[in-house]
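Structure first, then comments.
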Amino acid sequence: MNYYNSIIDTIGDTPLVKLNKVTKGIRGTVLAKVEYFNPGNSVKDRIAIKMIEDAEAAGLIRPGGTIIEGTSGNTGMGLALAAIGKGYKCIFTMADKQSQEKIDILRAVGAEVVVCPTNVTPDDPRSYYSVAKRLNQEIPNSLYPNQYDNLSNTAAHYETTGPEIWRDTEGRITHFAAGVGTGGTICGTSKFLKEQNPGIVSVGIDTYGSVFKKYKETGVFDEGEIYPYLTEGIGEDILPQNVDFSVIDHFVKVTDKDAAIMARRLAREEGLFVGWSCGSAAHGALEWAREHLQDDDVLVIILPDHGTRYLGKIYNDTWMKDHGFLESRQFATARDIVR
Ligand code: PMP
C-alpha cells in the first residue's frame with residue numbers, strides 16, 4: 001500500500017511551476033516554488049517540524065509539553081500540525097494586524113491564540129515577542145522555538161528547500177529570490193545553493209517600513225526605516241539571527257500595493273492562488289529579472305503560502321478599493337463587462 005504514516009511526512013517536495021504570463025518581456029526562465037502544496041499550506045511547515053525535532057533531541061521538551069510561539073500564522077499552523085502528531089499543546093501570540101482567517105485556522109486545529117497590539121516596540125511587554133517569552137517562563141515544560149533566532153529554521157531550508165531546487169532544476173538555477181521575514185527561507189536555501197555553485201545570485205525581497213535593505217547596503221540599523229505597513233510575513237523591525245546578510249546579494253523593496261496587485265495577477269493569469277507576500281516576492285524578483293536576467297538564466301522564486309488566508313483583504317475588491325490599491329477601471333463588475 002502507498003500511504004504516509006502521518007501528515008508530517010507529506011511536508012516538502014513542493015513543485016516548481018513556470019510563470020508564463022506575468023513574465024512578459026523578461027528573458028530566461030522564471031520558476032515559482034509553490035509552497036502552498038505543504039499540508040499547512042505554507043513554507044513554514046518545513047521549519048516547524050525541524051525546530052520541534054531538534055528541541056526533542058536536545059531534551060528541551062518532554063511528552064505532554066506546550067509549544068509557545070510568536071507567529072504571523074503560518075509557523076503556527078506548521079507547529080500545530082506537528083504538535084497534533086506528537087501530542088503537544090500549542091499557544092500562539094499574534095500581532096493584531098494579521099488576517100482573522102489566520103487566527104480562525106489556528107483555533108480550528110486546536111491551538112490557543114493570544115492577539116497582541118501591532119504598533120508597539122518589540123521590547124514593549126505587550127508585544128507578541130514579549131508575551132510569548134513571558135508565557136514560556138510561566139508555563140512548565142513549555143518550549144519557545146523562537147523562529148527568529150532559532151537556527152533550526154535556516155537548517156530546515158538548507159536541508160530541504162535548497163536540495164529540492166538544485167535537484168529539480170538539474171543544477172541550472174542561476175538566480176534565487178525569496179521574501180525575508182525571519183530570514184530562514186532565503187538564507188538556508190541560498191547557503192545550500194551557493195555551496196553547489198557560488199555564482200548563484202540571491203535576491204531578498206523586503207517591504208517599505210522594514211530595516212533589511214538599508215542594513216545590507218550601509219551596515220546601519222536605521223530606526224527611521226521603521227514604520228507600519230500591511231504586508232504579512234516579510235520585513236522586520238529587528239535583525240533576526242536567521243538573517244545572514246553574507247548569503248543575500250541584493251535586496252529589493254516592494255510596496256503593499258504592488259504586492260497585492262501582483263498576488264491577484266498570479267491568481268488570475270497563472271492560476272496560482274497565493275498569499276500577499278507571494279505578490280511581494282514575485283513583483284520584486286521580476287523587477288530585478290527585467291534588468292538582469294539573460295536568455296539562459298533560470299530564476300526560482302519562493303511563493304510561501306496560499307490565498308485563502310487573504311480573502312478578506314487583497315482578494316476582496318472593496319477592501320482593495322478602500323486602501324487605494326485598485327483603480328476604479330480595474331473594479332469592473334460582470335455588468336460593466338456586458339455593457
Ligand atoms: N511570507 C509569509 C506569508 C510568511 O509567513 C513568512 C514567514 N515569516 C515569510 C514570507 C518569510 O519567510 P522567512 O521567515 O523564512 O524569511
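Some values worked out for this structure:
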item	result
Selected residue [farther than 28 Å from G12 by Cα, more than 15 Å from the ligand (Cβ to nearest atom), modelled with pLDDT under 95 and not basic (K, R)] from E217, E223	E223
Residues satisfying the stated conditions in segment 166-206, i.e. polar (S, T, N, Q) and more than 10 Å from the ligand (Cβ to nearest atom)	T169, T174, S190, Q196, N197, S202
Filter pass, D45 being on the phi < 0 side of the Ramachandran plot and away from the ligand (no atom under 16 Å from the Cβ)	no
Top-ranked residue in segment 114-141 [being of a type in the set (D, E, K, R) and out of contact with any strand residue (DSSP E or B) (no Cβ under 7 Å at 6 or more places or on another chain); ranked as farthest from Q98 (Cα to Cα)]	E138
In segment 289-321, residue modelled with the highest pLDDT [restricted to those that are surrounded by fewer than 15 Cβ atoms within 10 Å (Cβ to Cβ), of a type outside the set (S, T, Y) and under 16 Å from Q100 (Cβ atoms)]	N316
I26 closer than 30 Å to R290 by Cβ, more than 20 Å from the chain's Cα centre (by Cα) and of a type outside the set (F, W, Y)	yes
Qualifying residue in segment 266-277 (condition: farther than 20 Å from L326 by Cβ, more than 14 Å from the ligand (Cβ to nearest atom) and more than 14 Å from the chain's Cα centre (by Cα))	yes
Scope segment 279-288; condition crowded, with 23+ Cβ neighbours inside 10 Å and either within 13 Å of the ligand (Cβ to nearest atom) or closer than 16 Å to S202 by Cβ (or both); matching residues	G279, S280, A281, A282, G284, A285
Segment 177-199 - residue that is surrounded by fewer than 24 Cβ atoms within 10 Å (Cβ to Cβ) and not hydrophobic (A, V, I, L, M, F, W, C) and, of those, farthest from A155 (Cα to Cα)	G199
Segment 312-326: number of residues that are more than 14 Å from G279 (Cα to Cα) and either in a loop (DSSP other than H, G, I, E, B) or within 12 Å of the ligand (Cβ to nearest atom) (or both)	5
Residue in segment 132-165 that is farthest from I61 (Cα to Cα), counting only those that are more than 12 Å from the ligand (Cβ to nearest atom), crowded, with 21+ Cβ neighbours inside 10 Å and among the aliphatic types (A, V, I, L, M)	I165
Residue within segment 104-111 that is in contact (Cβ under 8 Å) with a residue 60 or more places away in the chain and more than 16 Å from the ligand (Cβ to nearest atom) present	no
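The values are calculated or read from the model by the stated rules, or taken from the named source; none is laboratory data. As the structure is a prediction and not an experimental result, all values here were calculated from the model. Here Cβ is always computed from backbone atoms with ideal geometry, including for glycine, and neighbour counts include all displayed protein chains.
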